[in-house]
């Protein structure tokens, strides 16, 4: 069976620098709004990588399912979750062709990843009243592929029918370089009725 090109890329990266990435901190936005997380329920961490955000949520006693295309990243996450004594379910999953059952999760985390076809899948997967935490890069026109970067205002517009708790475009420091990166942030609640 041929491995997906993105799986090859990310498996290679996590094989090389996964332990370094595991030393990273959870999203500042997630930490700022963690009081909104439910006491129980299911959190889906899409494109979880080595699971820094997954572990942050799991340590609060909430069930987490971490999805990523990289089996190496997820293996590192499972090892670290065992070391910390918390449970995180993992699954190798290609988010370029997403499908989730309707109303199956209470929270979705999407950090530093963009797959526009996942927007509709996230809407379907969230239970009414469920939360979406989304933060990813915005296209600034400097040698960036529009496929991997949001246009200014795009994220806000894509979920404008949700109850918006936080919506901003700002800069955050990059993991490795420390240079400031332009991102869109969103914390939004799926309406109780459609």
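Some points to look at:
- Mean separation of Cα contacts under 8 Å (6+ apart) over length of segment 49-189, as relative contact order %: 18 percent
- Extension gain, residue 163 back to residue 192 (0.36 nm per residue minus Cα-Cα distance, nm): 9.5 nm
- Within the chain, helix-based [θ] at 222 nm, where runs of 4 or more DSSP H residues each add -39,500 (n - 2.57), nearest 500: -8500 deg cm²/dmol
- Taking 0.36 nm per residue of separation and subtracting the Cα-Cα distance, full extension of the segment from residue 79 to residue 117 would add 10.6 nm.
- Tensor-based shape of segment 53-100 (alpha-carbon gyration tensor, a/c under 1.5 rounded, otherwise prolate or oblate): oblate
- Listed candidates (i) 0.94; (ii) 1.74; (iii) 1.03 - label of the one calculated as Rg/Rh (Cα atoms, Kirkwood Rh): (i)
- Subtracting the Cα-Cα distance of residue 9 and residue 40 from 0.36 nm times their residue separation leaves 7.7 nm of extension gain.
- Kirkwood Rh in Å, taken over segment 1-86 so that all alpha-carbon pairs contribute: 13.4 Å
- Among 167, 117, the ranking by other beta carbons within 10 Å of each residue's beta carbon, starting with the fewest, stands as 117, 167.
- Paramagnetic label zone (point 7 Å from Cα along Cα-to-C-beta, residue 147; backbone N under 14 Å) in segment 117-140: 117
Read the figures in this text as sums done on the coordinates, not as results from a lab. Remember, predicted model here, so these are calculated numbers, not experimental data. All Cβ positions, glycine included, derive from the backbone under ideal geometry; neighbour counts span all protein chains shown.
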